[in-house]
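> Sending over a structure as structure tokens; questions will come in a sec.
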There are 2 protein chains.
Amino acid sequence: MVLKMSTLFVRTLREDPADAEVTSHRLLVRAGYVRRVAPGIFTLLPMGLRVLRNVERVIRDEMDAIGGQELTFPALLPREPYEATGRWTEYGANLFRLKDRRGGDYLLGPTHEEMFTLAVKDFYSSYKDLPLTLYQIQTKYRDEARPRAGILRGREFLMKDSYSFDVDDDGLREAYQRHRSAYVKIFDRLGLDYVVCSAMSGAMGGSASEEFLAVCDIGEDTFVRCTNGDYAANVEAVTTPQIAALPLEGLPAARVVDTPDTPTIETLVDLFNQREDLRRDDRAWGAGDTLKNVMLMLTLPDGKREPLAVGVPGDREVDLRRLEAQVAPAEVAPMSEAEFQQHPALVKGYIGPGVLGEKGSSGIRYLVDPRVVDGTSWITGADQPGKHVMNLVAGRDFTPDGTVEAVRIQDGDLCPVDGGTLELARGIEIGHIFQLGRKYAKALGLTVLDQNGKAVTVTMGSYGIGVSRAIAVIAEQTADERGLCWPRELSPADVHVVAAGKTEEIKAGAAQLADALAATGLEVLLDDRKDVSPGVKFNDSELLGVPTIVVVGKRLADGMVEIRDRKTGEKEEIPVEGAAERIAAVIRAA
Amino acid sequence: MVLKMSTLFVRTLREDPADAEVTSHRLLVRAGYVRRVAPGIFTLLPMGLRVLRNVERVIRDEMDAIGGQELTFPALLPREPYEATGRWTEYGANLFRLKDRRGGDYLLGPTHEEMFTLAVKDFYSSYKDLPLTLYQIQTKYRDEARPRAGILRGREFLMKDSYSFDVDDDGLREAYQRHRSAYVKIFDRLGLDYVVCSAMSGAMGGSASEEFLAVCDIGEDTFVRCTNGDYAANVEAVTTPQIAALPLEGLPAARVVDTPDTPTIETLVDLFNQREDLRRDDRAWGAGDTLKNVMLMLTLPDGKREPLAVGVPGDREVDLRRLEAQVAPAEVAPMSEAEFQQHPALVKGYIGPGVLGEKGSSGIRYLVDPRVVDGTSWITGADQPGKHVMNLVAGRDFTPDGTVEAVRIQDGDLCPVDGGTLELARGIEIGHIFQLGRKYAKALGLTVLDQNGKAVTVTMGSYGIGVSRAIAVIAEQTADERGLCWPRELSPADVHVVAAGKTEEIKAGAAQLADALAATGLEVLLDDRKDVSPGVKFNDSELLGVPTIVVVGKRLADGMVEIRDRKTGEKEEIPVEGAAERIAAVIRAA
């Protein structure tokens, strides 16, 4: 098939659109792939739709290969099922809600767990019907607070969402692994640079989850990966390598020290290093030798609030988002001055483990960083104004109520898998796989009879790919300063033939070559525009990003045409005689 | 590819769903093709989605063949463009409206004229860019007052909408004809029984329009067709064959007659037939000899109301919907008693042309049926209580302000093309083609520079096909008492293999034949369900409606399998040896 640029509904722009912050948005608009209709709402123009179809094809291939069955749910959905699972409310302002002419409440589906669960409930009743995997590629809606970056984070967007249904946990784990493998294949075929991150499952509930993050500086998600390449995780999901407890025997006794004028950890540590009687011989005291106790308030789903103390080494900060992921669905905020006043045992600036925890006089729950293992000694607050305590030993002098992963992750932290070094990076979520478990099945009453005729609640997995987002991410990762640069499998055409000259010979030669290429089964984009200079056509071919460009120009008179590789920029002259077959062979071999 | 019913997400129901009024709805639900989520909102299950993909393929083929370029607009649209064309208001309660988190007004697109117009305005600026045809196959929303009949009239539904853009009227006419031919090919390939009806363009504006109506007793649209097959039209669009004026010379003078106790046209005519001095020699007076003047009120778009008198032969009724189509966008209602009182010249029951029209004493606009040509004589009201006038001649004794097509069409009316006989029938709109003209381009400022460098407003056509509706209509037209009966091009599978028996030989034989059929490139549905009797499987195969059914049963022991034609019920035994190739050949030849 030959797409002629003289009639194709595409226009390239020289200028960047004013509202485009990121490369993919800028280029997809400039190259005429997408157009903005409203914030976060885009039209896919013919070139964009061609890329989308290619992405969809790859996804369908791999979903079908793991036995997924495709169907399509509506986007306009009634309130009731989302009320039953609590998400009508939980989604808050992110949900588009509307009323129909009779006043009935509807929503535009942000994700379809409820509908899939109900469909299976409608059809299936026996363990013999399972396992089952259903999927759809369908338009979803989220009223993002900050729709940005073009189709990277839209308010109307295309998702592949699939759901697995199993009678037991082993089945769910297998379904999850099948999806994981399929996702790896899909993202590999799409040519993405990505990592699979352990993730917290957050608001979705459930027990295990991984995110597929495209590695990208403009990403909104921070993740860590081991420089050895054996581990990647969401910041929220990183775990600290386990540290063995130290022996308690022979440790010096705790000692309360007057520490006037030490408003910061730095000044406190200085004081300990300067005073002869407090100094250590082997090395200077550091912030990491102090134990900082941070006072917070949790808000539980029922609205109740309760205090929480978190103890972390003084050289680390508490990452509230990370902490929140651990205590979900509770929300976390710093303790206010007024709340502080309600606990007379707390001496501001001098809070120590002595008053914290189940046995402490405040009774406030006390969780510590995993580095605070039994046998470690700390300089920390002595619960008296102007005084700290040193040599306070965990497991001897105090016993926390538990540990919590709450410190802000830093470059150089240790990998939980091999003890290697972690580094922080930014990514964009392109896929997410969850072991949902029985949350939705329970809420909506999806049970089947097991082998003994007993009703058991079905266990589910939920698996998503951002389809329109994937296009933007691929554009983002592959583009260069000259324009888009599509991986072959996704390109809107296989080859871009440029008629570089105004003579009839060149026009006819380009058209003939395009036809000959199409005859080999390739999809050909032919730049046959009149009144457009070769220079503009070359620039456009680089902007549009088809991987192979063929220039039919002056050298046609000598029987030669030029092949350019969009990515590498390599050029080669080949005889026009037999060119179509030769180009087709090269493309098919790639 | 082999679809196995043992794992396919489909369930057949023996009972009709309680809310299903029509055959297609009943069967599509019973056969597991669709499921209702809310009134007028449906899920397409795997079997339904397969049919949809086939319908889409046919449509894309033919749209691409006329140079249509596919793109996809969003469904969630901002208010502004629809405000500019007046449709934000005009659509009334049929439009789903909603607000985003910032309070911005949005709608769910019922049709996309505005968006296409703006896209072309964004890209194009010269007559050289035209002609252009764009299309999408996309989800649309209308908040129907009475969503009914399953996917036949949904509130969320799939449409193919396309739009042509031309610089002049000739171009528009050509684009319109290209679409018309493409639609004929599409509906022919879909196996539909349909007529192309002349239509009023109604709220869409524009100058010419035709509807593609599937002939169907459950249809909501009434249309007429000539028994000679050369004409079909919407009731609103039917035209009366032109009647030549008659000579005025020699006609008897008008004569006022006392007509007491004639409350109805029948009693009036009786009186004329019974009184010696009024009787005609050649034939009795009939209701068709009287002229009935019906008093109505028009409501104009600006809210103003004005009276209208419509004169029709006494044997005909005024069809308000038909009249409304002629005076659109004005709305029509009978004149109320209070409004009547405001016109003292009107004598109730005795209104005649004398007081009507521009020159009449009431000044009320007076339009007559096209049968009231100059030289026709009428018995009509004399504008005095208890009196009628006879021999009142149009063009001599009164002059209407014009004619109007307003009488209710009846079986037996004359065809405007060949004077043949019209008959009324019912249909379902499956396609609609409009010459929109410049309405949207004007409202949204879509101009291009013509050859002389002058800005001219682009003229547009708008062309729609109800894609999900087409599935229901095809089901409706092709189903029989046993179930669905798909045309080959749309069937969810090419062949349905039934394993009719529990022995391992039969199961293996059926599976092998299914694989062999799939190897020839056919899509195979294999009923490999355990614990399901052959009788239930046969019933399900007829319910599901795949055109060719192959039964692998007891006769497999003798090396034979049976082929059944779903439509005709014909059965044939053939040797299992070579059966796949033979069946494939038959199917490909069909």
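The values are calculated or read from the model by the stated rules, or taken from the named source; none is laboratory data. Values in this document were obtained by computation on a predicted structure and should not be read as measured data. Cβ: placed from backbone, ideal geometry, glycine included. Neighbour counts: every protein chain shown.
> Might you check whether a residue that is assigned to a helix (DSSP H, G or I) and within 24 Å of the chain's Cα centre (by Cα) occurs anywhere in region B:36-48? Full working, then the answer.
Within region B:36-48, the first condition is being assigned to a helix (DSSP H, G or I), and the residues that meet it are B:46-48.
Narrowing the set further to residues that are within 24 Å of the chain's Cα centre (by Cα) leaves B:48.
Within region B:36-48, one or more residues are assigned to a helix (DSSP H, G or I) and within 24 Å of the chain's Cα centre (by Cα).
> Check A:Ala519, A:Ala499 and return the single one that is free of Cβ contacts under 8 Å to residues at least 60 places away in the same chain and among the small types (Gly, Ala, Ser). Before you say what the answer is, go through the steps one by one.
Details: A:Ala519 fails: free of Cβ contacts under 8 Å to residues at least 60 places away in the same chain.
Step by step, each of A:Ala519, A:Ala499 is checked, and only A:Ala499 is free of Cβ contacts under 8 Å to residues at least 60 places away in the same chain and among the small types (Gly, Ala, Ser).
> So, in region A:114-143, how many residues would count as being in contact with a helix residue (DSSP H, G or I) (Cβ under 7 Å, 6 or more places away or on another chain), farther than 26 Å from B:Met5 by Cβ and not in a helix (DSSP H, G or I)?
2
> Scan region B:415-424 and tell me whether some residue there is buried (at least 22 other Cβ atoms within 10 Å of the Cβ) and of a type outside the set (A, V, I, L, M, F, W, C).
no
> Name the single residue, out of those in region A:74-91 being surrounded by fewer than 19 Cβ atoms within 10 Å (Cβ to Cβ) and hydrophobic (A, V, I, L, M, F, W, C), that is nearest to the chain's Cα centre (by Cα).
The initial filter retains those residues of region A:74-91 that are surrounded by fewer than 19 Cβ atoms within 10 Å (Cβ to Cβ), namely A:79-80, A:83-86, A:88-91.
Filter once more, so that each one left must be hydrophobic (A, V, I, L, M, F, W, C): A:84, A:88.
Working: A:Ala84: 28, A:Trp88: 24 Å.
In this case the residue turns out to be A:Trp88.
Results for (1) within 17 Å of B:Glu156 (Cα to Cα); (2) among the aromatic types (Phe, Trp, Tyr); (3) modelled with pLDDT of 95 or more, shown as yes or no for each residue.
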{"site": "A:Val58", "(1), (2), (3)": "no, no, yes"}
{"site": "A:Gly68", "(1), (2), (3)": "no, no, yes"}
{"site": "A:Leu77", "(1), (2), (3)": "yes, no, yes"}
{"site": "A:Thr85", "(1), (2), (3)": "no, no, no"}
{"site": "A:Gly104", "(1), (2), (3)": "yes, no, yes"}
{"site": "A:Leu107", "(1), (2), (3)": "yes, no, yes"}
{"site": "A:Thr117", "(1), (2), (3)": "no, no, yes"}
{"site": "A:Phe123", "(1), (2), (3)": "no, yes, no"}
{"site": "A:Leu132", "(1), (2), (3)": "no, no, yes"}
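> Scan region B:55-73 for residues that are in a loop (DSSP other than H, G, I, E, B) and under 25 Å from the mean Cα position of the chain (by Cα) and jot them down. Quick ask: steps written out before the conclusion?
From region B:55-73, those in a loop (DSSP other than H, G, I, E, B) are B:66-68, B:71, B:73; that's our starting set.
Of everything in region B:55-73, those that are in a loop (DSSP other than H, G, I, E, B) and under 25 Å from the mean Cα position of the chain (by Cα) turn out to be B:Ile66, B:Gly68, B:Phe73.
> Any residue in region B:244-262 that is outside the structural domain of B:Gln384 (by TED's automatic domain parsing), within 23 Å of B:Gly412 (Cα to Cα) and either of a type outside the set (Phe, Trp, Tyr) or surrounded by fewer than 18 Cβ atoms within 10 Å (Cβ to Cβ) (or both)?
yes
> Something else now. Find the residue count for region B:59-91, including only residues that are at positive phi and either more than 10 Å from chain A (Cβ to nearest Cβ) or polar (S, T, N, Q) (or both). Can you show your working first?
Narrowing region B:59-91 to residues at positive phi: B:67, B:86.
From what is left, the residues that are either more than 10 Å from chain A (Cβ to nearest Cβ) or polar (S, T, N, Q) (or both) are B:86.
Count: 1.
> If A:Arg57 satisfies all but one of (1) in contact with a Lys or Arg (Cβ under 7 Å, 6 or more places away or on another chain); (2) surrounded by fewer than 22 Cβ atoms within 10 Å (Cβ to Cβ); (3) not acidic (Asp, Glu), what's the number of the condition it fails?
Failing condition for A:Arg57: (1).
> I've got another one for you. Would you pick out the residues in region A:317-333 that are surrounded by fewer than 17 Cβ atoms within 10 Å (Cβ to Cβ) and not in a helix (DSSP H, G or I)?
A:Glu317, A:Ala328, A:Pro329, A:Glu331, A:Ala333
> Hey, another quick one. Filter region A:140-156 down to the residues that are surrounded by fewer than 23 Cβ atoms within 10 Å (Cβ to Cβ) and within 10 Å of chain B (Cβ to nearest Cβ), then identify the one that is modelled with the highest pLDDT.
Of everything passing the filter in region A:140-156, A:Glu144 is modelled with the highest pLDDT.
> Has region A:33-41 got any residue that is over 28 Å from B:Asp105 (Cα atoms) and more than 8 Å from chain B (Cβ to nearest Cβ)?
Narrowing region A:33-41 to residues over 28 Å from B:Asp105 (Cα atoms): none.
Within region A:33-41, not a single residue is over 28 Å from B:Asp105 (Cα atoms) and more than 8 Å from chain B (Cβ to nearest Cβ).
> Take the residues in region A:92-106 that are in a loop (DSSP other than H, G, I, E, B) and under 33 Å from the mean Cα position of the chain (by Cα); name whichever of them is farthest from the other protein chains (Cβ to nearest Cβ).
Start the filter on region A:92-106 by keeping residues that are in a loop (DSSP other than H, G, I, E, B), which leaves A:95-96, A:100-104.
Filter once more, keeping what is under 33 Å from the mean Cα position of the chain (by Cα): A:95-96.
Numbers: A:Leu95: 9, A:Phe96: 6 Å.
Filtering region A:92-106 for residues that are in a loop (DSSP other than H, G, I, E, B) and under 33 Å from the mean Cα position of the chain (by Cα), the one farthest from the other protein chains (Cβ to nearest Cβ) comes out as A:Leu95.
> Taking the stated definitions as given, is A:Ala233 assigned to a loop (DSSP other than H, G, I, E, B), of a type in the set (Gly, Ala, Ser) and closer than 23 Å to A:Val404 by Cβ? Let's see the steps before the verdict.
Numbers: assigned to a loop (DSSP other than H, G, I, E, B): no; of a type in the set (Gly, Ala, Ser): yes; closer than 23 Å to A:Val404 by Cβ: yes.
In short, no.
> Have a look at B:Val372, B:Val448, B:Val467 and point out the one that is buried (at least 17 other Cβ atoms within 10 Å of the Cβ), assigned by TED's automatic domain parsing to the domain that holds B:Val58, of a type outside the set (Asp, Glu) and over 21 Å from the mean Cα position of the chain (by Cα).
On the way: B:Val372 fails: assigned by TED's automatic domain parsing to the domain that holds B:Val58; B:Val467 fails: over 21 Å from the mean Cα position of the chain (by Cα).
Unique residue meeting the criteria: B:Val448.
> Also, quick follow-up: With (1) part of a strand (DSSP E or B); (2) within 25 Å of B:Val318 (Cβ to Cβ) as the list, and B:Glu266 as the residue in question, which single condition is left unmet?
Of (1) part of a strand (DSSP E or B); (2) within 25 Å of B:Val318 (Cβ to Cβ), only one is false for B:Glu266: (1).
> Checking B:Thr239 against (1) β-branched (Val, Ile, Thr); (2) part of a strand (DSSP E or B); (3) under 20 Å from B:Val404 (Cα atoms), which single condition isn't satisfied?
Unmet condition: (2).
> Pull up region A:294-313, narrow it to residues that are touching a Phe, Trp or Tyr at 6+ places or on another chain (Cβ under 9 Å) and either of a type in the set (Gly, Ala, Ser) or not assigned by TED's automatic domain parsing to the domain that holds A:Val327 (or both), then point me to the one that is surrounded by the most Cβ atoms within 10 Å (Cβ to Cβ).
The qualifying residue surrounded by the most Cβ atoms within 10 Å (Cβ to Cβ) is A:Gly311.
> Look at B:Val22 and say whether it is in contact with a strand residue (DSSP E or B) (Cβ under 6 Å, 6 or more places away or on another chain), crowded, with 17+ Cβ neighbours inside 10 Å and within 23 Å of B:Ala470 (Cβ to Cβ). Spell out how you get there, then give the answer.
Values: in contact with a strand residue (DSSP E or B) (Cβ under 6 Å, 6 or more places away or on another chain): no; crowded, with 17+ Cβ neighbours inside 10 Å: yes; within 23 Å of B:Ala470 (Cβ to Cβ): yes.
No, not satisfied.
> Let me ask another. Got a number for residues in region B:208-254 being aliphatic (A, V, I, L, M) and under 30 Å from B:Ala472 (Cβ atoms)?
11
> Something else about it: Based on this model, can you work out whether B:Thr111 counts as at the interface with another protein chain (Cβ under 8 Å from one of its Cβ atoms), of a type in the set (Ser, Thr, Tyr) and either within 22 Å of the chain's Cα centre (by Cα) or not in a helix (DSSP H, G or I) (or both)? Explain how you work it out, then say what you get.
Values: at the interface with another protein chain (Cβ under 8 Å from one of its Cβ atoms): no; of a type in the set (Ser, Thr, Tyr): yes; either within 22 Å of the chain's Cα centre (by Cα) or not in a helix (DSSP H, G or I) (or both): yes.
Considered against the rule, which asks whether it is at the interface with another protein chain (Cβ under 8 Å from one of its Cβ atoms), of a type in the set (Ser, Thr, Tyr) and either within 22 Å of the chain's Cα centre (by Cα) or not in a helix (DSSP H, G or I) (or both), B:Thr111 comes out as no.
> Looking at A:Leu8, A:Leu44, which one is surrounded by 24 or more Cβ atoms within 10 Å (Cβ to Cβ) and under 20 Å from B:Thr72 (Cβ atoms)? Steps first, answer last, please.
On the way: A:Leu8 fails: surrounded by 24 or more Cβ atoms within 10 Å (Cβ to Cβ).
Exactly one residue qualifies, and that residue is A:Leu44.
> Here is a further query. What's the total number of residues in region B:270-293 that are more than 20 Å from B:Ile409 (Cα to Cα) and either in contact (Cβ under 8 Å) with a residue 24 or more places away in the chain or surrounded by fewer than 16 Cβ atoms within 10 Å (Cβ to Cβ) (or both)?
Here is the first cut: in region B:270-293, the residues more than 20 Å from B:Ile409 (Cα to Cα) are B:270-285.
Then keep just the ones that are either in contact (Cβ under 8 Å) with a residue 24 or more places away in the chain or surrounded by fewer than 16 Cβ atoms within 10 Å (Cβ to Cβ) (or both); that gives B:270, B:272-285.
Adding up the residues that qualify gives 15.
> Of (1) in contact with a Lys or Arg (Cβ under 6 Å, 6 or more places away or on another chain); (2) crowded, with 19+ Cβ neighbours inside 10 Å, A:His388 satisfies all except one. Which?
(1)
> Same structure again: Restricting to region B:114-128, give me the number of residues that are surrounded by fewer than 19 Cβ atoms within 10 Å (Cβ to Cβ) and more than 8 Å from chain A (Cβ to nearest Cβ). Please lay out each step first, then the result.
Initially, region B:114-128 is screened for residues surrounded by fewer than 19 Cβ atoms within 10 Å (Cβ to Cβ), giving B:121-123, B:125-126, B:128.
After this cut, where a residue has to be more than 8 Å from chain A (Cβ to nearest Cβ) as well, the list is B:121, B:125-126, B:128.
Going through region B:114-128 one residue at a time, the tally reaches 4.
> Could you tell me which numbered condition B:Val497 fails, if it satisfies all but one of (1) part of a helix (DSSP H, G or I); (2) of a type in the set (A, V, I, L, M); (3) out of contact with any Lys or Arg (no Cβ under 9 Å at 6 or more places or on another chain)?
Unmet for B:Val497, out of (1) part of a helix (DSSP H, G or I); (2) of a type in the set (A, V, I, L, M); (3) out of contact with any Lys or Arg (no Cβ under 9 Å at 6 or more places or on another chain): (1).
> Are any of the residues in region B:422-429 assigned to a helix (DSSP H, G or I) and either within 30 Å of B:Ile243 (Cβ to Cβ) or assigned by TED's automatic domain parsing to the domain that holds B:Asp188 (or both)?
In the first step, residues of region B:422-429 are kept if they are assigned to a helix (DSSP H, G or I); the result is none.
Taking every residue of region B:422-429 in turn, none turns out to be assigned to a helix (DSSP H, G or I) and either within 30 Å of B:Ile243 (Cβ to Cβ) or assigned by TED's automatic domain parsing to the domain that holds B:Asp188 (or both).
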